[in-house]
Each structure stands twice: as structure tokens, then as C-alpha cells.
Amino acid sequence: MDKKIVEFSEGELIVKSYQCAVQKGFFSRKTDGYLQVTNKRIIYATSTQLGGSNLLVSELPLMDVGPISSFIGKSIKIWALLLFVGAAFMIAGFLAEKLPEFMTHWAFALVLMLPWFVFWLLESNILNQELKDRIINNFGSDQITEISKVEMNQTLKIVFKVLLNIGILLLGAALIKSDFVRGLGIVGMAIPAALFTFMFLKFFGFQDDYVLEIASKTGAGTGITIRSASFQSLLTKGKFAYPGSIVPSKEAAVVAKELGSLVMDLQQTGDLAAMKWAQSE
């Protein structure tokens, strides 16, 4: 993106531009996040051309740029995990009170969860082929043999996953009402909480995440922070976090590799570095 994303001052020119992030608000459409380096400043802004309702512009004078850190990888959204676990506790508690005794017994829950674990073992690399063949032969069914291959029937996968999640809720209900867990108090509640965390990971897994922090050298500004909202960021004074999710885009890795060198060259040699980096585009 070579065109300006904000208005430039007199004599200000684009040196490098990166489409480094994709932002998605809770109730808005996706917008692209652009990081633009000029001969005077670093600017991060969201593109409104794709219909995004949120506009974010953050900038830092080039000579005030300090340490730069970035993260590209997988993470868990803590706020989503806590909401999910809280809701699972409420549902499991309701089931513990309303369902018949046998349906909230740990053995019944394990029976529901067993098919998923069996076929997960058959698809994974944990067991060697000999053990897999023994398990399949123990079922004594040609149909089971067929669906246990890597190309397992997708419908059965969905059914087993549904049974797994129902089993987890029922097992959680059994744990919540058990005398052993209640006797441990708050510590005992960590057991069903761990179970519901596993359930969360099965539903959502680890999410793509992107963080870029460009600090202010003088401390006069807050710098540029590109990150999704989390409990930690909400409690950290002076750190803005986008209220939604931010995932890395096609040039995020390029930013991580070369932004530090680009800024250092511009700070040391000015226009000569600007010409060098512009020609390498």
C-alpha cells in the first residue's frame, strides 16, 4: 500500500508500508491494519475501505522510537476461557440437580466420552500400527475397521465430538456434586475447571495472535501497541488494546524481521537510508 493512510507533513515521504494485521471487532466487519514508516514517523492505522466501523490511528515520531517487540503465534483468549468455564459450571450445576442419578454418575459420562478417545487414539501417532490393529480386531466389525482409518467418516467424528462434550458436562456435574470435590472447597473446584478448560480447547483450540509493541524512547509518548484486548492489557495503564481480535497478516513476519533495522538506519543516516529501503521495495 503505497498511498498515504493519514495526512503527511511538509517533506514527509513513505519509506516502507506493510499490511501486517487483520482486526475484527465484536460487532464490526474485518479491517486491515497497515504499518507505514515515513522519513519522519511510524504510523499504524486501520483501513476503512473494507467497511470497518472502527478507525484506529496511532503514531510515533521516528527519532522517538525505542525498543520494538513482536509476537506471531498461537494463544488462548483468557476472557473467553473464563466466560466459557463459568457458563459450563452453571450448566453442569443445573444438570446435577435436574437429571436422574445414573446420568450424572462418572461411569455414564465416561461411556459417552469413550468412542471419541478410541478413535482419537486410532488417528494419532501415539500408538504403533500393531496396537491399532489389535484394538480394531477387538471390535470384531468390518465397519469399525473402515471408519478407523485416517479418512474417518466425518459424520461419525461430529457425533463422537458431541458425545464427548455431553460426557464432559455430565462428568463435571458428577464432580461438582461429589463429596470428595466439595470437601476440598475451592481447590476441589479446580478439577472440574480443568475439565471445562479441555472442553474449551476442543471447541475453539488455540487462536492466531499478533502483538507488536513499539516503545517511546523518551517516554514522552505511549508508543504504538497493536494487540487484542485481554485482562492484562485492560489493567495495564497507558496500553491501548483493540476491543476485538487481531491476527497476523501476510507481512507480519516481514515487519518482525526488518522493522528494527529500518528504524535504526533511518535514525542514523536519514534520507540515505530512506532511499536505500525505498529501492528495496
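The values are calculated or read from the model by the stated rules, or taken from the named source; none is laboratory data. These numbers were taken from a predicted model, which means no experiment stands behind them. Reconstructed Cβ throughout: ideal geometry from the backbone, glycine too, with neighbour counts over all protein chains shown.
For the range 262-281, the candidate set comprises residues that are of a type outside the set (D, E, K, R) and loosely packed, with under 12 Cβ neighbours inside 10 Å; within that set, the residue that is nearest to the chain's Cα centre (by Cα) is 280.
Looking only at the range 205-223, filter to residues that are under 19 Å from residue 248 (Cβ atoms) and among the β-branched types (Val, Ile, Thr); which one of those is modelled with the lowest pLDDT? Among those residues, the one meeting the criterion is 211. Within the range 33-60, residues that are under 18 Å from residue 8 (Cβ atoms) reach partners that are at pLDDT below 80 and among the acidic types (Asp, Glu) with beta carbons closer than 7 Å, at six or more positions or on different chains, in the pairs 39/271.
Condition check: over 20 Å from residue 20 (Cα atoms), in contact with a helix residue (DSSP H, G or I) (Cβ under 7 Å, 6 or more places away or on another chain) and either surrounded by 14 or more Cβ atoms within 10 Å (Cβ to Cβ) or modelled with pLDDT under 80 (or both). Does residue 234 satisfy that?
When the stated conditions are applied, residue 234 does not pass them.
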